[in-house]
Protein chains: 2
Amino acid sequence: MVASLVGDPARANMLTALMNGRALTASELAQEAGITPQTASSHLSKLEAGGLIEPEKQGRHRYYRLTDPDVAGVLEGLAGLAARAGHMRVRTGPKDPALRRARICYDHLAGDLGVQMLDSLRERRLVKQKKQDIELTVEGERFLARHLQISPDMLTHPRRPVCKACLDWSERRHHLAGTLGAAMMKRFTELKWAARDATPGSRVVNFTRAGEKQFAALFGSGHE
Amino acid sequence: MVASLVGDPARANMLTALMNGRALTASELAQEAGITPQTASSHLSKLEAGGLIEPEKQGRHRYYRLTDPDVAGVLEGLAGLAARAGHMRVRTGPKDPALRRARICYDHLAGDLGVQMLDSLRERRLVKQKKQDIELTVEGERFLARHLQISPDMLTHPRRPVCKACLDWSERRHHLAGTLGAAMMKRFTELKWAARDATPGSRVVNFTRAGEKQFAALFGSGHE
DNA sequence: ACAATGCTTCGGCTATCATCGAAGCATGAA
DNA sequence: TTCATGCTTCGATGATAGCCGAAGCATTGT
């Protein structure tokens, strides 16, 4: 049953594209498999029904990832068997280095730095993340007020959550969204730490030298 | 590629039937999968080309087994994934206990006791087996002369090998065939250790109480 | 020698399923 | 609101591949 799912070439291409553990949108998977979005949609439904992949809705995108490390393991095993008398398959990811580094995701920071920021917050227990939901801890509130002059009052909004995990396009891991994510990006801009690129339509975020230093001091990886 | 092989229901049934590590004939596999021999032949060719199974020719039968424990492992993994939202599949083997215990295979001993005998011979280096070919060692010749009054002269035959590994029907492991296998069965009969069952067409071999004891003394498992 | 058994090859039929065009929803942007 | 984008559903087409009947080898048994 499940083997027939992996058996189809198009689906196999999709699954191998997901083997790195990151998530891809339906369109990307379609392109990866060399088929139209309609066909891909059908395949993705079947893979999801078979429990091989899990969707994550993100705005008008739909990200898919392998449900489990176990799934990846079985796929790895199949690839191993195929390697005895067959071929292989690989692919890479996006391109623009600046985009991968830092960019705007709607109204908050995304890219390498965005992911790094959320990682740092989580590591220091300034936020608590369960699945997709993120909660700001008391220590987190103090941190924001102290270092970024952001008070909890500024984060209330009629129909938008304060914190939210947003799947990152280039890193394929979560970064911080919600009113907090937007507030922080706004503050970075106000503090002249960073600014959106001037060229129209660009989503690149350019950090100043000073801003990068400050950002690293707050959310750097060698931080503890 | 290899996944599509496992994907087909008929082939999947065949493979799961082979999961116990024993070998099955093409006809048995056809019946297992609920298809005609012609169709099964096609499937088996593909599975062999894919490196999942290996054939062993045995007279006019053709036994197939999984090439590798690795193959079984991957199949096990697939079954595990399927178990999260699907069904299972099992089967059993032959039936008659007496047949499984000891029976005639052409002119030599087969069944549990036959396999046990070859195992014992191999263990004590009385024979050397490479693949399908078995050679009698010097120690083996001495052993035969001493305990069973079988001299090497009795084993020569124009167009038949002295020793040969024969795939066992019920145990699905090798037992001893060739002129040596035939000579030993003949000797067992002469010594009144065993006799073919009286009912016509039966292949069952009945051991006497004394014979069973002697046999165990020579080829018993707790032997060393 | 001949017959019987086990398996394979060949040819044609059929059904399943991947594929895409077109249209419909949902979400975000202006 | 209106438009654009991402994805899904529907319907029809087409090709791949499983399936079996008939015939052909190969091996064993008489």
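The values are calculated or read from the model by the stated rules, or taken from the named source; none is laboratory data. Since the structure is predicted, the reported quantities are computational estimates derived from the model, not experimental observations. Note that each Cβ is placed from the backbone with ideal geometry, even for glycine, and that neighbours are counted across all protein chains shown. For accessibility, only protein heavy atoms count, side chains too; no ligands or nucleic acids. Shrake-Rupley method; radii C 1.70, N 1.55, O 1.52, S 1.80 Å.
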statement: So, in nm and shortest first, the distances from B:GLY73 to its counterparts in the other copies, with label points 7 Å along Cα→Cβ, work out as 1.1
query: If amide H atoms are built 1.01 Å from N in the plane of the peptide, which residues on other chains or at least 5 residues away come under 5 Å of the amide H of A:LEU109?
result: A:MET185
- line: In the stretch B:1-47, accessible area falls by at least 30 Å² from chain alone to full assembly (1.4 Å probe) for B:MET1, B:VAL2, B:ALA3, B:GLY7
query: Say a label goes 7 Å from Cα toward Cβ at B:ALA49 in every copy; what distances in nm does this one have to the rest, shortest first?
result: 3.0
task: List, in order, the whole-Hz ³J(HN,Hα) value for each residue of the stretch B:117-123 obtained from phi through the Karplus relation with A = 6.51, B = -1.76, C = 1.60 and θ = phi - 60°; use x for Gly and Pro.
output: 5, 5, 4, 5, 4, 5, 4
field: Interface residues, the stretch B:57-85 - accessible area loss of 50 Å² or more versus chain alone, probe 1.4 Å
entry: B:VAL74, B:LEU78, B:LEU81, B:ARG84
Protection proxy ranking of A:12-18, B:213-219, A:116-122 - average other beta-carbon atoms within 10 Å, highest first: A:12-18, A:116-122, B:213-219
message: Whole percent per 5 Å bin, from 0 to the bin with the longest distance: what is P(r) over all C-alpha pairs of the stretch B:2-82?
response: 3, 16, 30, 28, 16, 5, 1, 0
field: Over 30 Å between alpha carbons, listed pairs A:LYS57/A:LYS192; A:LYS46/A:LYS128; B:LYS57/B:LYS128; B:LYS164/B:LYS192; B:LYS57/B:LYS186
entry: A:LYS57/A:LYS192; A:LYS46/A:LYS128
message: Give the A-B buried accessible area in Å², both sides summed, 1.4 Å probe, nearest 100.
response: 1500
query: Which ³J(HN,Hα) values in Hz, rounded to whole numbers, follow from the phi angles of the stretch B:40-45 under the Karplus curve 6.51 cos²θ - 1.76 cosθ + 1.60, where θ = phi - 60° and Gly and Pro get x?
result: 4, 4, 4, 4, 5, 4
message: Just to be sure I understand: chains A and B are related by a rotation, so which residue of A has its Cβ closest to that axis, and how close in Å?
response: A:GLY7, 2
task: First measure r as the distance between the Cβ atoms of B:VAL162 and B:THR39, then evaluate 1/(1 + (r/R0)^6) with R0 = 30 Å and state the FRET efficiency to the nearest 0.05.
output: 0.15
message: Assume the label is 7 Å from Cα along Cα to beta carbon: what separations in nm does B:ALA217 have to the matching positions in the other copies?
response: 9.4
